[in-house]
1. Any chance segment A:34-48 includes a residue that's buried (at least 16 other Cβ atoms within 10 Å of the Cβ) and either away from DNA strand D (no atom under 11 Å from the Cβ) or within 30 Å of A:A95 (Cα to Cα) (or both)?
2. Being at pLDDT below 95 and either part of a helix (DSSP H, G or I) or within 13 Å of A:L93 (Cα to Cα) (or both) is the filter here, so list the residues in segment B:56-72 that pass it.
3. Six or more apart or on different chains, Cβ atoms under 9 Å: show the pairs whose first residue is in segment B:5-16 and more than 16 Å from B:R55 (Cα to Cα) and whose second is among the hydroxyl-bearing types (S, T, Y).
4. Quick check on segment B:49-68: of everything there that is of a type in the set (K, R) and within 13 Å of DNA strand C (Cβ to nearest atom), which residue is farthest from the other protein chains (Cβ to nearest Cβ)?
5. Within segment B:94-115, count every residue that is in a helix (DSSP H, G or I) and either at the interface with another protein chain (Cβ under 7 Å from one of its Cβ atoms) or under 15 Å from A:A116 (Cα atoms) (or both).
6. Return the only residue of A:L47, A:L78 being closer than 30 Å to B:M14 by Cα, out of contact with any Gly (no Cβ under 7 Å at 6 or more places or on another chain) and part of a helix (DSSP H, G or I).
7. So which residues in segment A:1-28 are within 12 Å of DNA strand D (Cβ to nearest atom), surrounded by 13 or more Cβ atoms within 10 Å (Cβ to Cβ) and more than 14 Å from every other protein chain (Cβ to nearest Cβ)?
There are 2 protein chains.
Amino acid sequence: MKLTKLELEIMGAMWTLGAASVREVQEHLPKRKRPAYTTVQTIIYRLEEKGAVRRTRKIGNALIFEAIVTRKAAHGRLIDELLHVFGGSPRMLMAQLVETGQLTLEDIRELEVTLADIASEKKSATTSAPQKAEQKRGRNPR
Amino acid sequence: MKLTKLELEIMGAMWTLGAASVREVQEHLPKRKRPAYTTVQTIIYRLEEKGAVRRTRKIGNALIFEAIVTRKAAHGRLIDELLHVFGGSPRMLMAQLVETGQLTLEDIRELEVTLADIASEKKSATTSAPQKAEQKRGRNPR
DNA sequence: ACATCTCAACCACAGCTGTAGTAGCGTCAC
DNA sequence: GTGACGCTACTACAGCTGTGGTTGAGATGT
């Protein structure tokens, strides 16, 4: 499922809001680039057709929508695309981030520690409590 | 300067080829998704209008084009956009890469070393031995 | 019950993107 | 010099994307 920039913007609002009416979504967008109500509506309808969103109930005469596609799934897709442009190598991506100073040595070190933690957790999970590994993924839900 | 997917694909070919005719670019694209000659031509014309590419000379009756926009600049722009979606935080991006297993602990460790190298080289470059850093980047292309 | 207000549903449309066909000129091999 | 071929320049067009207007049904306050 491919989402456009504006669709992503709106999904962003819905991920934050949880379940919302068109108006709520529109008002949640940064005022600078806030499209007309009907524009938001149109996009939400399109998202509905794509199956990224669904209408859950009605409050007054207003429909309430909620995201079906998760933020993580959508982000994952974006990353895959970017990675493809970068020849499929995450390292190139990282290198660029580093070169442009968007990622510092500190960031990397911190990440490494975190990552090492996770790795050891995963290890202990497979050694002491077998076949439960599935539940490791998806934990740490932010 | 905003480049579309196909435009990027074609810029990719030109970055690799250095300076090339429309035909060369077309034939350099992976055969699976190789558009018609005139399609490539159209895109190159559009790139020319955008100032991403320029015609340098003529060989026979064929025009030779070369990239003006650098790979790094284009990639940087892509990253900025992605980062914006991720709320501007490179860490979120990294975290996602790690979570999906697209980035391993090894990658990070190696990157850290490389990064440290670059940092120290840069430091020494300004003090003693300039301009050797280029060769560090781009190695390990996986 | 009425005026008002808000939405849903539909419609319109321009610009961008991918895709490719055609006309005609220049070049090259004879 | 002429015929074949390649390339340029131009044109076309459909689908996608962002943008928002219109209309009428339904809700709401009084």
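The values are calculated or read from the model by the stated rules, or taken from the named source; none is laboratory data. For clarity, every value in this text was computed on a predicted model and none was experimentally measured. For neighbour counting, all protein chains shown are included, and Cβ atoms are generated from backbone atoms with ideal geometry for every residue, glycine included.
1. At the first step, the residues of segment A:34-48 found to be buried (at least 16 other Cβ atoms within 10 Å of the Cβ) are A:40-41, A:43-44, A:46-47.
Those left that are additionally either away from DNA strand D (no atom under 11 Å from the Cβ) or within 30 Å of A:A95 (Cα to Cα) (or both): none.
The answer is no; no qualifying residue exists.
2. Answer for segment B:56-72, where residues must be at pLDDT below 95 and either part of a helix (DSSP H, G or I) or within 13 Å of A:L93 (Cα to Cα) (or both): just B:K72.
3. Pairs that qualify, where the first residue is more than 16 Å from B:R55 (Cα to Cα) and the partner is among the hydroxyl-bearing types (S, T, Y), are B:L6/B:T39.
4. From segment B:49-68, those of a type in the set (K, R) are B:50, B:54-55, B:57-58; that's our starting set.
Narrowing the set further to residues that are within 13 Å of DNA strand C (Cβ to nearest atom) leaves B:50, B:57-58.
Working: B:K50: 18, B:R57: 29, B:K58: 31 Å.
The extreme case among them is B:K58.
5. If we filter segment B:94-115 for residues that are in a helix (DSSP H, G or I), which is where we start, we get B:94-99, B:105-115.
Within this subset, residues satisfying the condition of being either at the interface with another protein chain (Cβ under 7 Å from one of its Cβ atoms) or under 15 Å from A:A116 (Cα atoms) (or both) are B:94-99, B:105-112, B:115.
Going through segment B:94-115 one residue at a time, the tally reaches 15.
6. Values: A:L47 fails: closer than 30 Å to B:M14 by Cα.
Criteria check complete, one pass: A:L78.
7. Going through segment A:1-28, the residues within 12 Å of DNA strand D (Cβ to nearest atom) turn out to be A:1-11, A:22, A:26.
So of that shortlist, the ones also surrounded by 13 or more Cβ atoms within 10 Å (Cβ to Cβ) come out as A:3, A:6-11, A:22, A:26.
Of everything in segment A:1-28, those that are within 12 Å of DNA strand D (Cβ to nearest atom), surrounded by 13 or more Cβ atoms within 10 Å (Cβ to Cβ) and more than 14 Å from every other protein chain (Cβ to nearest Cβ) turn out to be A:V22, A:Q26.
Residue-by-condition table, conditions (1) hydroxyl-bearing (S, T, Y); (2) within 16 Å of DNA strand D (Cβ to nearest atom); (3) surrounded by fewer than 19 Cβ atoms within 10 Å (Cβ to Cβ); (4) under 30 Å from A:L17 (Cβ atoms):
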position	(1), (2), (3), (4)
A:R57	no, yes, yes, yes
A:N61	no, yes, yes, yes
A:I64	no, yes, yes, yes
A:G76	no, no, yes, yes
A:E81	no, yes, yes, yes
A:P90	no, no, no, no
A:G101	no, no, yes, no
A:L111	no, no, no, yes
